[in-house]
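Below is one structure; the comments refer to it alone.
Bear in mind these aren't lab numbers, they're just calculated from the coordinates by the rules spelled out. All of these numbers come straight from a predicted model, not from anything done at the bench. Reconstructed Cβ throughout: ideal geometry from the backbone, glycine too, with neighbour counts over all protein chains shown.
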Ligand code: ADP
């Protein structure tokens, strides 16, 4: 018998409208989905389909016009700003396209900054595992400017994972990397799920990047437009092509 996986995060009939009246944009138009715990999920869709908006809402970075966001059992839609700040600090890890490391801090200081700000002492064994898996042992004293893009993103990944967050959200994590470094970072995101049991959600428009995920969620025009389990680059490309085909060709 198979058991449904626990949802790390859920969206229930999520709506996000920017602007009002004639200028209103329905960035999300009733999205319901569950992000399974301990899995690597990619969110894909054409530009403007609502990927970033969905990620921001799931991560408690923005609030919905209507609908519900659950992180585990916590209802983010009814949380105060102070509660959302605490959720982002204590339960969520972020990896950005542009790394977002502080240039004046060493790799080690960057990795530990969120824990220090939260007043948490990182688990020494977990920290050592992460640094080893991410190959950062001999880079800890370097500042970001002394590191390659791939190394900087690995530092950002260590920073995101150090607090063992409920979910790591990665926003186009390979967008600023060459192909080889990008593949390395994707492999490490995959390993953080497979070997460390973490939950990762990645927004990407790159079919090869998405093929590292266990599951792809497709968006179009602010709505769910299907999904792919065990994606491969060719199945993702085909799904994306059918999403962006003119309506007549889809009928
Ligand atoms: P994606 O990440 O798939 O490119 P977004 O979530 O960024 O899509 O955007 C979805 C839609 O919402 C787009 O039409 C976009 O122009 C609009 N949008 C996003 N953010 C804002 C904003 N702050 N103000 C107004 N419109 C926005």
Highest GNM mean-square fluctuation among 157, 147, 58, for the chain with Cα springs under 10 Å, belongs to 147
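By how many nm would the segment from residue 138 to residue 120 grow when fully extended, if each residue of separation counts as 0.36 nm and the alpha-carbon distance is taken off?
Result for the pair: 4.1 nm of gain on full extension.
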Once both axes come from the Cα atoms, what is the angle between helix 124-133 and the longest principal axis of the chain, in degrees from 0 to 90, rounded to 10?
70 degrees
In terms of the ratio Rg/(2.2 N^0.38 Å) built on C-alpha atoms, what value belongs to the stretch 1-159?
1.20
I need to check one value: relative contact order of the stretch 107-221, counting alpha carbon pairs closer than 8 Å and at least 6 residues apart, in percent.
25 percent
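How would you rank 120, 127, going from fewest to most other Cβ atoms within 10 Å of each one's own Cβ?
Ascending number of Cβ neighbours within 10 Å: 120, 127.
Would you please classify the overall shape of the stretch 99-251 from the alpha carbon gyration tensor, given that a ≥ b ≥ c denote the square roots of the eigenvalues, rounded means a/c under 1.5, and beyond that prolate means a/b larger than b/c while oblate covers the rest? Walk me through the numbers before you get to the answer.
Details: a/c = 2.45, a/b = 2.10, b/c = 1.16.
Prolate is the answer for the stretch 99-251, as a/c is 1.5 or above and a/b outweighs b/c.
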For 80, 148, which order do you get if you count the other beta carbons within 10 Å of each Cβ and list the fewest first?
80, 148
Computed over the chain: longest principal axis from alpha-carbon atoms vs helix 107-118 long axis, angle to nearest 10 degrees, is 70 degrees
Applying the gyration tensor rule to the Cα atoms of the stretch 57-123 (axes a ≥ b ≥ c; rounded if a/c under 1.5, else prolate if a/b exceeds b/c, else oblate), the class is prolate
Rounded to the nearest 5, the percent of DSSP beta bridges in the chain running antiparallel is 55 percent
Report, to the nearest 10°, how far helix 81-91 tilts away from the longest principal axis of the Cα atoms in the chain, using its own Cα long axis and a range of 0 to 90°.
60 degrees
